[in-house]
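The values are calculated or read from the model by the stated rules, or taken from the named source; none is laboratory data. From a predicted model like this one, the values you see are computed outputs, not experimental measurements. Note that each Cβ is placed from the backbone with ideal geometry, even for glycine, and that neighbours are counted across all protein chains shown. For the accessible areas, the whole protein counts, side chains as well, though only heavy atoms, and no ligand, DNA or RNA atoms are used. Shrake-Rupley method; radii C 1.70, N 1.55, O 1.52, S 1.80 Å.
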Amino acid sequence: METRKLGNSDLNITPVGYGAWAIGGSGWEFAWGPQDDADSVAAIHRALELGVNWIDTAAVYGMGHSEEVVARAAQRLAWSTALCLHKCVLRWDEKGRISKVFSPDSIRRECEDSLRRLQTERIDLYQIHWPPDDSGHGLEDSWQTLAALQKQGKVRWIGVSNFNVEQIKRAERIAPITSLQPPYSIIRRSIEKQILLYCQEQGIGVIIYAPMASGLLTGAMTRERAAALPADDFRSRNPEFREPRLSKNLALVERLRQVGARYGRTPGEVAIAWTLRHPAVTGAIVGARNAKQAEGVMRAGDLKLTEKRLRKSRAQRPSQRHAKLFITLDLGN
């Protein structure tokens with residue numbers, strides 16, 4: 001795969017990276033339901049075999065379990081094969097409930113625990129997972145701590161996730177930001193208006209997550225499967241997986257399927273490639289729960305979308321989401 005330079009760093013990442021959220025398994029507030037560890041390891045190995053050169057995880061994914069599975073997968077192929085992109089400030093209690101903790105002591109403990117679970121001496125990119133709900137001084141406290149960890153050599157580069165432009169500017173007053181990790185997909189496009197433009201102007205790398213809308217745009221999700229999502233799968237609480245949005249989303253998937261069929265590609269690959277077409281986007285985090293899923297999406301970075309025949313659909317969406325979806329897509333060579 002081609003690689004792209006990430007922001008102000010010396011990291012060159014493939015357009016698609018392996019996302020380790022779902023492989024954390026069940027038992028915590030934002031789980032994807034049960035997961036087989038052997039399948040997870042096979043998915044990571046297949047992603048790396050296909051050319052992916054980075055893995056995105058976080059301590060909160062499975063309350064440390066995702067990190068342990070990633071380390072198990074890395075033992076055979078060695079950490080030199082893949083870059084480790086990581087996130088902090090989300091902590092958990094004994095019942096798997098998640099809270100944000102921005103204190104310097106907490107973040108330093110998180111970092112040490114993650115290095116131990118990952119069985120590595122240094123994290124390539126360490127990011128603040130979420131800003132404070134009140135946008136308070138925890139933002140500055142946590143960013144100063146990440147800058148200190150960088151100086152100590154615990155992490156190579158530092159970034160933020162889910163920040164808006166004003167929050168990014170506040171962090172920049174303390175230390176440079178290598179990258180931003182926001183949600184972005186064909187059905188979730190609010191970052192286009194300001195955030196992507198600002199990052200592009202400032203040379204901040206952008207690593208987007210949920211390009212397939214948490215599995216909704218893969219082509220494997222059906223109305224029946226959405227209705228049967230277990231209670232311990234956070235998507236069962238996501239309005240995109242329920243009516244009236246579900247029918248519109250599944251109709252979009254069929255259009256993605258038609259486009260992908262012309263090139264022997266899956267709907268999920270088309271959805272991922274759609275996000276990568278934006279010049280501000282450096283890479284996309286793509287999850288896979290087994291080797292077969294990895295086979296179906298990890299080469300999406302090779303798929304190029306052009307704008308020449310994009311037609312805007314005025315499909316109405318609930319609340320403030322009256323997005324003009326790009327329904328007619330054309331693939332470049």
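Could you grab me the full set of residues in region 110-121 that are surrounded by 15 or more Cβ atoms within 10 Å (Cβ to Cβ) and either more than 26 Å from ASN53 (Cα to Cα) or modelled with pLDDT of 95 or more (or both)?
Selection gives GLU110, CYS111, SER114, LEU115, ARG117, LEU118.
Need at least 1 residues that are farther than 26 Å from THR178 by Cα and open to solvent by 40 Å² or more (accessible area, probe 1.4 Å) per element, so show me which strands (runs of 3 or more DSSP E) inside region 1-109 make the cut, counting only ones lying wholly within it.
Filter on region 1-109 gives 90-92.
State which residue pairs qualify: first residue modelled with pLDDT of 95 or more and inside region 78-96, second residue open to solvent by 50 Å² or more (accessible area, probe 1.4 Å) in any location, beta carbons under 7 Å apart, and separation of 6 or more residues or different chains.
Final answer for the pair search is VAL89/LYS100; VAL89/TRP130; LEU90/LYS100; LEU90/TRP130; ARG91/SER99; TRP92/MET63.
Name the single residue that is nearest to the chain's Cα centre (by Cα) among those in region 189-203 being in contact (Cβ under 8 Å) with a residue 40 or more places away in the chain and open to solvent by 10 Å² or more (accessible area, probe 1.4 Å).
Looking at the filtered set, the residue picked out is ARG189.
With the requirement that a residue be over 25 Å from ALA228 (Cβ atoms) and not hydrophobic (A, V, I, L, M, F, W, C), what does region 32-69 give you?
HIS45, ARG46, GLU49, GLY51, ASN53, ASP56, THR57, GLY64, GLU67, GLU68
Condition test on ASP124, is it in contact with a His (Cβ under 9 Å, 6 or more places away or on another chain), open to solvent by 10 Å² or more (accessible area, probe 1.4 Å), touching a residue at least 40 places away in the same chain (Cβ under 8 Å) and not in a loop (DSSP other than H, G, I, E, B)?
Against the criterion (in contact with a His (Cβ under 9 Å, 6 or more places away or on another chain), open to solvent by 10 Å² or more (accessible area, probe 1.4 Å), touching a residue at least 40 places away in the same chain (Cβ under 8 Å) and not in a loop (DSSP other than H, G, I, E, B)), ASP124 qualifies.
Would you check which residues across region 148-179 are part of a strand (DSSP E or B) and either open to solvent by 10 Å² or more (accessible area, probe 1.4 Å) or touching a Phe, Trp or Tyr at 6+ places or on another chain (Cβ under 6 Å) (or both) and list them?
Those that are part of a strand (DSSP E or B) and either open to solvent by 10 Å² or more (accessible area, probe 1.4 Å) or touching a Phe, Trp or Tyr at 6+ places or on another chain (Cβ under 6 Å) (or both): VAL155, ARG156, TRP157, ILE158.
Which residue pairs have Cβ atoms under 8 Å apart, sit 6 or more places apart or on different chains, and have a first residue in region 215-236 that is touching a residue at least 24 places away in the same chain (Cβ under 8 Å) and among the hydroxyl-bearing types (Ser, Thr, Tyr) and a second that is in a loop (DSSP other than H, G, I, E, B) and crowded, with 20+ Cβ neighbours inside 10 Å?
THR218/MET212; THR218/THR266
Is it the case that region 137-144 has a residue that's open to solvent by less than 10 Å² (accessible area, probe 1.4 Å) and in contact with a Leu (Cβ under 8 Å, 6 or more places away or on another chain)?
No.
Residue by residue, here is whether (1) open to solvent by 40 Å² or more (accessible area, probe 1.4 Å); (2) more than 24 Å from ILE207 (Cβ to Cβ) holds:
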residue	(1), (2)
ALA231	yes, yes
SER236	no, yes
GLU240	no, no
SER247	yes, yes
ARG262	yes, yes
ARG277	yes, no
GLY283	no, no
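For region 43-75, enumerate the residues that are farther than 23 Å from THR3 by Cα and either β-branched (Val, Ile, Thr) or over 18 Å from the mean Cα position of the chain (by Cα) (or both).
The answer is VAL60, GLU68, VAL69, ALA71, ARG72, GLN75.
Quick grid of which residues meet (1) closer than 18 Å to ASP56 by Cβ; (2) part of a loop (DSSP other than H, G, I, E, B):
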position	(1), (2)
ILE191	yes, no
VAL206	yes, no
ALA226	no, no
LYS248	no, no
GLY260	no, no
ARG265	no, yes
THR275	yes, no
